[in-house]
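Below is one structure, written out as structure tokens, with a few remarks after it.
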Amino acid sequence: MTEAARLQSHDSEGTGSAQFGRGVRLPRTERRAQLLAAAQQVFAANGYHSAAMDDIAEQAGVSKPVLYQHFPGKLDLYIALLESHVDHLVGRVQEALNSTTDNKQRVQNAVGAFFDFVNGDAGAFRMVFESDLRGEPAVQTAVDRATSASVDAITQTITADAGLDEDRARLLAVGLVGLSQVSARFWLAHHSEISREEAVALTSTLAWRGIGAGFPLQQQT
């Protein structure tokens, strides 16, 4: 069975997409992902306030009723998209921590997770770190989770491996997340001639050893 035939046999919504062709049916989860991808493009191009559900439906190649089957309104769609970006970032951080038992490498991987997220879809990181809808409680909650869930994951790792109590481990975790996020956003904004690899190495060296230990005076080297 072809991919198009498989999608048609599973979709229950009756309206096709520009990607798969008009009249082709999609499973609900694939339709939702398609709508979120279309919304990302429209929000990134127009901003939240200027984006219209008509534009998103047109971008996805569906009718507005299909769009409203999944998302009752524009804010609901925005929050769902924001939550998906937060999940992606937190997943990257957790994967970085679980990828090795070498704590130095863990630090570098965690820093790299933020750089990769920021350097990926610019619209994604701006929704998470530069959202202009923080006055909306649900948006603020999702934005806060991007930091708190990352801090929680790092805190658990530090507590287990470094023998620190949770309060001290959490303070270090907050520092690592803040350093990684701000450094990654600064690097993206200015880029200059520093590669992603060098930027991650510099930032993770600072996090792992500190300025004094990591960068001694040249006459002492």
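The values are calculated or read from the model by the stated rules, or taken from the named source; none is laboratory data. Not measured: the values here are computed from a predicted model. Here the Cβ positions follow ideal geometry from the backbone for every residue, glycine too, while neighbour counts run over all protein chains shown. The area values use the complete protein model at the heavy-atom level, side chains included, leaving out ligands, DNA and RNA. Shrake-Rupley method; radii C 1.70, N 1.55, O 1.52, S 1.80 Å.
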Legend entry - Scaled radius of gyration (Cα, divided by 2.2 N^0.38 Å) that segment 26-131 gives: 1.25
Legend entry - Dipole of segment 73-126, positive end: most advanced residue of 79, 109, 89 [Cβ charges, Cα centre]: 109
Inset, instruction - Subtracting the Cα-Cα distance from 0.36 nm times the residue separation, let me have the gained length for residue 68 to residue 156 in nm, one decimal. - result: 27.7 nm
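Counting Lys +1, Arg +1, Asp -1, Glu -1, what net charge surrounds residue 103 among other residues with beta carbon under 13 Å of its beta carbon? Walk me through the numbers on the way to the answer.
Details: positive: 104, 106, 209; negative: 102, 161.
Result for the neighbourhood of residue 103: +1.
How much accessible area per residue does segment 23-141 have, counting only protein heavy atoms and a probe of 1.4 Å, in square angstrom? Please report the intermediate quantities before stating the final value.
Numbers: 5340 Å² over 119 residues.
That works out to 45 Å² for each residue.
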Inset, instruction - Tell me the label-point distance for the pair residue 209, residue 189, using the 7 Å Cα-to-Cβ offset, in nm and rounded to one decimal. - result: 2.8
Inset, instruction - Report the extension gain between residue 134 and residue 76 in nm, rounded to one decimal, defined as 0.36 nm multiplied by the number of residues separating them, less their alpha carbon distance. - result: 19.5 nm
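Computed over the Cα atoms of segment 71-221, what is the ratio Rg over Rh, Rh following Kirkwood? Don't skip to the end; give the middle numbers.
Details: Rg = 16.6 Å, Rh = 16.3 Å.
Ratio of gyration radius to Kirkwood radius: 1.02.
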Inset, instruction - Place the peptides 47-55, 200-208, 72-80 in order of packing, highest mean first, counting for every residue the other Cβ atoms within 10 Å and averaging per peptide. - result: 200-208, 72-80, 47-55
Inset, instruction - Mind pulling up the Rg/Rh value for segment 130-193? Radius of gyration and Kirkwood radius, both on Cα. - result: 1.09
Inset, instruction - Taking the Cα centre of segment 98-211 as origin, sum charge times position over the Cβ atoms of Lys and Arg (+1) and Asp and Glu (-1), and report the length of that vector in debye to the nearest 20. - result: 140
Inset, instruction - Return the FRET efficiency for the residue pair residue 41, residue 116: r is the Cβ-Cβ distance, R0 is 22 Å, and the value is rounded to the nearest 0.05. - result: 0.60
